[in-house]
1. For the stretch 223-252, how many residues meet the condition of being not aliphatic (A, V, I, L, M) and not in a loop (DSSP other than H, G, I, E, B)?
2. Kindly indicate the residue of the stretch 226-247 that is small (G, A, S) and open to solvent by less than 30 Å² (accessible area, probe 1.4 Å) and also modelled with the lowest pLDDT among those meeting that condition.
3. Can you confirm whether the stretch 209-225 contains a residue that is of a type outside the set (S, T, N, Q), over 20 Å from R93 (Cα atoms), over 24 Å from the mean Cα position of the chain (by Cα) and buried (at least 19 other Cβ atoms within 10 Å of the Cβ)?
4. Please count how many residues of the stretch 474-502 are in a loop (DSSP other than H, G, I, E, B) and buried (at least 18 other Cβ atoms within 10 Å of the Cβ).
5. Scan the stretch 384-399 and tell me whether some residue there is among the acidic types (D, E), at pLDDT 95 or above and either outside any loop (DSSP other than H, G, I, E, B) or crowded, with 23+ Cβ neighbours inside 10 Å (or both).
6. Scan the stretch 343-364 for residues that are over 16 Å from G465 (Cβ atoms) and open to solvent by less than 10 Å² (accessible area, probe 1.4 Å) and report the count.
7. Name the residues in the stretch 340-355 that are touching a Lys or Arg at 6+ places or on another chain (Cβ under 7 Å) and closer than 18 Å to A329 by Cα, would you?
Amino acid sequence: MAQKKTAAKSGAKRTRAGTQTKKGRSSAKTTTRRSPLRRIAIWGTTLSLWAVLAVGALVVWYAWDLPSVSKIAEMTRQPTVRLLAADGSEIGRFGDLYGDALSVSELPPHLPQAVLATEDRRFYHHPGLDLIGLARAILVNLREGAVVQGGSTISQQLAKNLFLTPERTLKRKVQELLLAFWLERKLSKDQILSLYLNRVYLGAGAYGVDAAAQRFFGKPATDVNLYEAAIIAGLLKAPSRYNPANDAELADRRARTVLAAMVAADFVTREQADEAYDAKSRGRPPVRRARYFADWSLDRAEGWLGRLDRDIVVRTTLDPHVQEVAEVALERLLAEEGLDARIGQGAVAVLSPDGAVRALVGGRSHADSPFNRATQARRQPGSAFKPFVYLAAVERGRGSLTTVFDGPLTVDTPQGPWQPQNYDREYRGEVTLREAFARSLNTAAARLALEVGPDRVAETAQRLGISSDLLATPSLALGTSEVSLLNLTGAYAVFANGGQAVWPHSVLEITTPDGQVLYRREVGSANQVIASPHLAEMTDMLRSVMLDGTGRAANPGRPAAGKSGTSQSFRDAWFVGYTAELVVGVWLGNDDGMAMQQVTGGGAPARLWRAVVTEALDGEPARPLPGAGAIAAAPRAAPVAAQPDRGPGVLESLLERLTGEAPDRPIGSGSEGALERLPPPGNDS
């Protein structure tokens, strides 16, 4: 019995031990299964803490390097230059243009709404970071396979515009977000939106909606209609691309997209959007004229003041009426004759006799080519250079009625024999200087240059204001050294003002916006560079070109004088002349030097010259030329038909001088000024 009890106890112990062993094994297995999950949780928590610490450190690091928020009151920009015409009207504004600072409440509701519809529809409902908008932008970009929508809020964009650079870096994005939060904390939503609308760049140098409205529509932002508001809001995506002045059609399509976005955002109804689009103004922003003049004048202003570091107002010599006349006349001639005559470009310079530039056109389109062909281009003037040859001869004792031999001429030069020829290959023997000048006889001009010496010819031209390098060779008499149109026109102004030295100028005064004078042109007594008797002789010869010479097509029907010119192979054609009121120079040609189709200075340039002068002086009474005495009756202005007749001789010319009337027998080879034509290569006229 005792053995049985002992055996039972022993069995019970073994059973308990076995049970404990099983429990221990089960616990070990559970611990083994739970360890990886616990480790993942621990590591996840640890990494999260480290990530938070890292992000915090990153934020602290970039926050430490944040730009000063005091910049919110600054406008870091290029100076604005207001350019005024002589009558005080504004030619344009250049540099960075800021309009009036306007609050959202001062703007028509559809303008800020158009901006919100395209840039940040949830602007009034997020704290500076729009997670919903960001997610939507990511989905749209993934669906399109390209970045077509941004996720930055207006607060972020304002922070970037005010404080940061446009660089695409993590640092800039973090700082942008931090500054956006700062703006949201410091300012109201309306204040943020107002700052954004006043500072954002909208193309063409315009910062802010008011500047854009002024530049593109000629009105303040407070007056823009719904369609114009859509145009302005559309500029935010790509200011240069959607600029209505550059591409009106593309800007129009973008505006339609903005109107659709406003409908989707419930800012306007579909009917209102359609009505605004259908009622849009079909006119483009007003054409900004005088761009070549403006560029040249701004260069002059910087020359006087140095690098511009403040806003300035520049008062110039420009006459808006004359400028418009010159631009329209050149546009019209190139449109009507340019293609057939192979005339690709042109330039016009209009001065008053004292050298003040009243108009300047440097090409057919400043938008297509800002290169100024009136001031920057250097071209051969051809026979338009001959007044300096004849003046040198007059100063050596010659007179307009003295004679010079017109016949074959051979001049030995280091480059070989030089044989100038007349355009029509004919020679007239002994002719007066007046007839030789009027007919632009090349051999006569060459003989006069040899008579006085090429060095004296060059010195005479430079004394009258020609500043380019002149090669003192016999061919200089025929205009082989290059000059600019403005420089040549300025030299002709000496004949128009009684023989006094002038220098073409456009800047009269430079002031700050509040009236502080920074520069003012001083008007002093000019040097007399042509004696009165010599001026009278030159005036007679220059008038003869209009009366019975190669410039008959330029005759404006009032006392006028001038000279035509054509460079070799019809590459350049000029007419430069003057009345008592204006000095005008015109040039036609091609930028690549390609020959025109038989275009001479007495043809298209002469007609252009006449158009500019007659329209610019329309309604003005005729006045006598300096050195010409009383007003003489001018011959008819229309060009004459081609005639084989050689025209008046010395007796007829003298009769014309006394009566002021042209002879009944027209001369020359037609209105195209064929007598101006150059000889074959190797000979210049």
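The values are calculated or read from the model by the stated rules, or taken from the named source; none is laboratory data. What you see is a predicted model, and the numbers here were worked out from it, not measured in a lab. Counting neighbours? That spans all protein chains shown, and the Cβs are built from the backbone with ideal geometry, glycine included. With ligands, DNA and RNA removed, areas are computed over all heavy atoms of the protein, side chains included. Shrake-Rupley method; radii C 1.70, N 1.55, O 1.52, S 1.80 Å.
1. As a first pass, look at the stretch 223-252 and keep what is not aliphatic (A, V, I, L, M): 223, 225, 227-228, 234, 237, 239-244, 246-247, 249, 252.
Of the ones still in play, those that are also not in a loop (DSSP other than H, G, I, E, B) are 223, 227-228, 234, 249, 252.
Summing the residues that are not aliphatic (A, V, I, L, M) and not in a loop (DSSP other than H, G, I, E, B) in the stretch 223-252 gives 6.
2. First pass over the stretch 226-247, keeping only residues small (G, A, S): 229-230, 233-234, 238, 240, 245.
Of the ones still in play, those that are also open to solvent by less than 30 Å² (accessible area, probe 1.4 Å) are 229-230, 233-234, 238.
On the way: A229: 95, A230: 96, A233: 95, G234: 95, A238: 91.
Looking at the filtered set, the residue picked out is A238.
3. yes
4. Pass one, the stretch 474-502, residues in a loop (DSSP other than H, G, I, E, B): 479-482, 484, 497-499, 501-502.
Cutting the leftovers down to buried (at least 18 other Cβ atoms within 10 Å of the Cβ) gives us 479-481, 484, 497, 499, 501-502.
The number of residues fulfilling the criteria is 8.
5. Restricting attention to the stretch 384-399, the residues satisfying the condition of being among the acidic types (D, E) are 395.
Of the ones still in play, those that are also at pLDDT 95 or above are 395.
Add one more test, that the residue is either outside any loop (DSSP other than H, G, I, E, B) or crowded, with 23+ Cβ neighbours inside 10 Å (or both), and what stays is 395.
Yes, the stretch 384-399 contains at least one residue that is among the acidic types (D, E), at pLDDT 95 or above and either outside any loop (DSSP other than H, G, I, E, B) or crowded, with 23+ Cβ neighbours inside 10 Å (or both).
6. Taking the stretch 343-364 and keeping what is over 16 Å from G465 (Cβ atoms), we get 343-348, 350, 358-364.
Those still in the list that are open to solvent by less than 10 Å² (accessible area, probe 1.4 Å) too: 343, 346-348, 350, 359-363.
Qualifying residue count, the stretch 343-364: 10.
7. So in the stretch 340-355, the residues touching a Lys or Arg at 6+ places or on another chain (Cβ under 7 Å) come out as 345-347, 350-352.
Correct list: Q345, G346, A347, V350, L351.
Let's see how each residue does on (1) in contact (Cβ under 8 Å) with a residue 60 or more places away in the chain; (2) within 26 Å of W296 (Cα to Cα):
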position: N422; (1), (2): yes, no
position: T432; (1), (2): yes, no
position: T443; (1), (2): no, no
position: P474; (1), (2): yes, no
position: L478; (1), (2): yes, no
position: V483; (1), (2): yes, yes
position: T511; (1), (2): yes, yes
position: L518; (1), (2): yes, yes
